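Everything below concerns the one structure shown next.
The values are calculated or read from the model by the stated rules, or taken from the named source; none is laboratory data. Just so it is clear, the model here is predicted, and its values are computed rather than measured. Here Cβ is always computed from backbone atoms with ideal geometry, including for glycine, and neighbour counts include all displayed protein chains. Only protein heavy atoms, including side chains, enter the accessible area calculation; ligands, DNA and RNA are left aside. Shrake-Rupley method; radii C 1.70, N 1.55, O 1.52, S 1.80 Å.
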There are 4 protein chains.
Amino acid sequence: MSTGKAIILLHCPDRQGIITDVTGFITRNGGNIVYLDQYVDTLEKRLFMRIEWELDSFSIPRERIKQAVDAAFAERYEMYSSVYFSDEKPRMAIFVSKMSHCLYDLLARYYAGEWEVDIPCIVSNHEDLREVAEQFGIPFYVWKIAPDKSNREEVERAEMELLEREHVTFIVLARYMQVISDGMIARYPHHIINIHHSFLPAFVGARPYHQAYERGVKIIGATSHYVTRELDAGPIIEQDVVRITHKDTPESLVLKGRDLEKIVLSRAVTRHIERKILTYKNRTIVFG
Amino acid sequence: MSTGKAIILLHCPDRQGIITDVTGFITRNGGNIVYLDQYVDTLEKRLFMRIEWELDSFSIPRERIKQAVDAAFAERYEMYSSVYFSDEKPRMAIFVSKMSHCLYDLLARYYAGEWEVDIPCIVSNHEDLREVAEQFGIPFYVWKIAPDKSNREEVERAEMELLEREHVTFIVLARYMQVISDGMIARYPHHIINIHHSFLPAFVGARPYHQAYERGVKIIGATSHYVTRELDAGPIIEQDVVRITHKDTPESLVLKGRDLEKIVLSRAVTRHIERKILTYKNRTIVFG
Amino acid sequence: MSTGKAIILLHCPDRQGIITDVTGFITRNGGNIVYLDQYVDTLEKRLFMRIEWELDSFSIPRERIKQAVDAAFAERYEMYSSVYFSDEKPRMAIFVSKMSHCLYDLLARYYAGEWEVDIPCIVSNHEDLREVAEQFGIPFYVWKIAPDKSNREEVERAEMELLEREHVTFIVLARYMQVISDGMIARYPHHIINIHHSFLPAFVGARPYHQAYERGVKIIGATSHYVTRELDAGPIIEQDVVRITHKDTPESLVLKGRDLEKIVLSRAVTRHIERKILTYKNRTIVFG
Amino acid sequence: MSTGKAIILLHCPDRQGIITDVTGFITRNGGNIVYLDQYVDTLEKRLFMRIEWELDSFSIPRERIKQAVDAAFAERYEMYSSVYFSDEKPRMAIFVSKMSHCLYDLLARYYAGEWEVDIPCIVSNHEDLREVAEQFGIPFYVWKIAPDKSNREEVERAEMELLEREHVTFIVLARYMQVISDGMIARYPHHIINIHHSFLPAFVGARPYHQAYERGVKIIGATSHYVTRELDAGPIIEQDVVRITHKDTPESLVLKGRDLEKIVLSRAVTRHIERKILTYKNRTIVFG
């Protein structure tokens, strides 16, 4: 027997009886379901589901739950599933460069106890935000890639070693202005969250606020997404916008955008920590 | 055997196994579930659920489904449920007074085929909008209550007879400026949708835009809700807002508010037609 | 002497004293300023201004005001200006194809007296919406371009003749699915308003809701803009957005988008009718 | 001669020629106007204006500008005006209790250089946030009012002395859960900014998120306003809202509300620091 709650995130081709089978499996083994959300993508004919149940009367020990779920459903329903436990906190690394607003927002939430998460380290390619990390007592690591990029592999190896050593489970790029290596993306598939300062797919790439100003849009946005190999093209987790006017300059857009970036990034991080996000074919299912 | 889809809306005290039982009942009888959404109110310890399934292989004839559901679950789970069929359109009466914007919006959607609904009649206490009803070829009935209210009962009786004769299943008050009788509310419990031109509970009652102007708010709103005996206090279905500035006058608020009223009312009507709303203790559960 | 109000929209390089000079000119000639809004684009070093004043004690006859303004300021300040009168209604032609929602929204506002505008004609490339035009008693003209486009010039000539004959001052494309000729754009520079069903510059061109679905965005938008020769690239007048979820299909996006399209188009039309829009270098200044 | 910019905020009964006169006064004395926004309240027949001009060629010394403005216009136009200088930073005291989210947001902006402001002190009625103040190196003062309120006057005197000593020009209540004394309100009229965690005037007073949950609203809000003697009834500076659903509990509303509170408070503080707010009859004019 165990305490806490188990969470399963799954998806599989939609067929009759899956919900009955899966909820029956949990109920029959003594689990009390406290959350169930499911969604059938009728175009893809695919079922996505999130179930959360209390473990205190559950007859399967937690270390064997994933195995039992797979034995029951993986082959039969061609089901992909992940099992999490509410008392096992995700471990989040934050990558930053020079801008402090997202970092402060993340750390203030962490410090105020808003999130069930650990933050063992902050990584940067600049010294600028060391002081912020120290304000919150979190180890701060700086690796700079040389202009000739000669030390690129060395830096990546050092970063990966840190992430392994600290058992980091996901990474948040809080306005980190450097490309993430393919190796790191492969190691953390759909577990690296970036904030892009535009309403994607508008204004991909550099200086989106200046692009927005040039185009004369009346609304600007921010987008948080999982990082994939293609720049600014990974599955979108959350977006939000704010109205602007002809009075705004590129500079005022940068300022207004900061508030968007903070809130959009934090909402994505919240959902990730809660294990409420599934990805499929470059789209996210974000349960409420 | 039958065609089309069945929809069940239900709520009951939350207990283990209900989802398994209900989905199992449908699956076992040959129904293919195409939509399931559920929500557990953890404060009330109450389960709310909406299930939709295809009837073409379902073994229970449609006229006996409600009975079969009740036999299986009503007593056992203290369950309240309603059963609908996708091919049985709700019949909507529209009540109006003098302002045309909500009426036009409703009729344009109806005419464009946005809704699976019939609109057999429009009722008013003024002649003003007869022309609009005629533009769309919908019967228009006018009953005026005399200043001394001597004919009140007579008017209500005539209205109720019309609603019965036309098999009206729900009523939409599209800026209808007259109090609905207790009798009509009792006959259509949580089936009369009103649009109030404020962000309730702010600015209850008359002239909310003027109240909003006086208070100097920076945002105005509109609220659609089911009508109950207490004025502007029924379960809220949908709300939305729009930003205003110090430049707005009560008159410009009225104009800006119109767009809100139309859209907020139409969203509520859409959800009602789709049978996606449950009410409990003066709150609505609106499935997505 | 005259009644009503005059409106001047102007822009010129920013220099000291312009506001004093222009307001002084109006005041000195007996005009009572009831509205003044101005904006200095500090990047372009350019002043944009809108002034509205009462004509009843104004000493310059209305037919000579534009001339007097030009004599006083055009050369001296390199000023471009337009003069309008509140009692001279703009005349708006509506172009439609098959979808009714924007057309109904425009006509309902017109019919309810929301706008100081005349609508002498509706033009289409399909017969579908003739009935809607007839509901509102507005002449409906259909010209179809042959598949081999052999009659293209003939159609354009006929359309232009209609617009001239009806003294049309601006055109609203209410989901008109055909390219506007360069000749018509040249005749109505920044006086043809289009509604594009995406948050431009995202999803230019055809089927933007399907593009949005494919990309997996969490918000969709609509954009009204003046038509220029480059597709979907003219000065943006107004944009708005609505939140969507993973549950939305391309079809539900189309439905949700309709409400956006109606409201975004109507806001742009409102501002145009009020003579509150200036354009400069593919951007709009929209006074509040 | 002087450098920097001067800002004048003024209001007076609307009469012909004021704009010409005031802008003429500045231009004639060598000032280059870089910002002018004005608004005529047509119901109150009152003009509100904000002008900003460069001082480097201005012939009136800065210490005599206010006097010169008054001499020219105060009596003649019954004009109320305030004069500020862009290089004289406002000095802001922050009052807090136990919740850190607004405080962190304010301090992160301050630290990142977003605002032209000084923050000489943080005042609290609890020790809880001392650590946050220390993280940012800002003096933190705690005065607790005894349960029997016997030391109330003493506390107020100490607070007022601190504010005087530090030349505080305005106060921000960042979720400060104690009533401000009439004396302090009188000393800082329309210079104390509060954040109330509801969409005022809905849910005045305590526990607004719980009130919102009980009423079943679909949107929650936050309101920043100047403090007056009547609770939660002062002039509103800024409001914003966020959509919620039936799935939200009072606890999740508290969390969602925090993000609103931060952003709504910061927007109000920004406008106050920029000297863009005028108040009149319990309403604010907030220039863009």
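Side notes on the structure shown:
- Antiparallel bridge percentage (DSSP; both residues within chain D; nearest 5): 70
- Other residues with beta-carbon under 14 Å from the beta-carbon of D:Y188 carry, at +1 per Lys or Arg and -1 per Asp or Glu, a net charge of -2.
- Taking only the C-alpha atoms of the protein assembly as shown, Rg followed by Dmax gives 31.6, 94 Å.
- CD proxy at 222 nm, helix term only [per DSSP H run n ≥ 4: -39500 (n - 2.57); per residue of the protein assembly as shown; nearest 500]: -9000 deg cm²/dmol
- GNM remark for chain C: springs join alpha carbons under 10 Å apart, and the peak mean-square fluctuation among C:R157, C:R76, C:R187 falls on C:R76.
- Within straight-line reach of A:K45, meaning a Cα separation under 25 Å, sit the following lysines at least 8 residues removed in sequence or on another chain: A:K66, A:K276, A:K281, B:K5, B:K276, C:K218, C:K247, C:K256.
- Averaging the Cα positions of each part gives two centres, and for the range D:68-96 and the range C:219-288 these lie 40 Å apart.
- The mean sequence separation of alpha-carbon pairs under 8 Å and at least six residues apart, normalised by the residue count of the range D:110-205, gives a relative contact order of 20 percent.
- Rg/Rh for the range D:23-152 (Cα atoms only, Rh after Kirkwood) is 1.14.
- All other residues whose Cβ lies under 13 angstrom from that of D:S124 are scored, Lys and Arg at +1 and Asp and Glu at -1, for a net of -1.
- Using a Gaussian network model of chain A in which every pair of alpha carbons under 10 angstrom is joined by a spring, one finds that among A:K247, A:K262, A:K66 the greatest mean-square fluctuation is at A:K247.
- For the range D:9-81, the solvent-accessible area works out to 43 Å² per residue, with a probe of 1.4 Å and every protein chain left in place.
- When both bridge partners sit in the protein assembly as shown, DSSP labels roughly 70% of those beta bridges antiparallel.
- Averaging 1/r over every pair of different alpha carbons in chain D and inverting the result gives a Kirkwood radius of 20.7 Å.
- Pairs of Cα atoms nearer than 8 Å and 6+ residues apart set the relative contact order; for chain D it is 15 percent.
- Annotation for the range A:121-195 versus the range D:116-135: alpha-carbon center distance of 32 Å.
- As a ratio to 2.2 N^0.38 Å, the alpha-carbon radius of gyration computed for the range C:203-288 takes the value 1.18.
- Calculated P(r) of the range C:141-288 - Cα pairs past 24 Å, %: 38
- Computed over neighbours whose Cβ is under 10 Å from that of A:D87, the net charge equals +1, Lys and Arg +1, Asp and Glu -1.
- Choice from C:D148, C:D240, C:D248 showing the highest fluctuation, given a GNM over chain C with Cα pairs closer than 10 Å: C:D148
- Coupling constants for the range D:229-236 follow from the phi torsions by the Karplus curve (6.51 cos²θ - 1.76 cosθ + 1.60, θ = phi - 60°), and in residue order they are 5, 8, 4, 6, 10, x, x, 7 Hz; glycine and proline get x.
- Rolling a 1.4 Å probe over the protein heavy atoms gives the range D:184-288 an accessible area of 33 Å² per residue.
- The range D:7-111: relative contact order as a whole-number percent, Cα under 8 Å and 6+ apart: 32
- Global geometry of the range C:87-173, whether rounded, prolate or oblate, following the gyration tensor of its Cα atoms and the 1.5 cut on a/c: oblate
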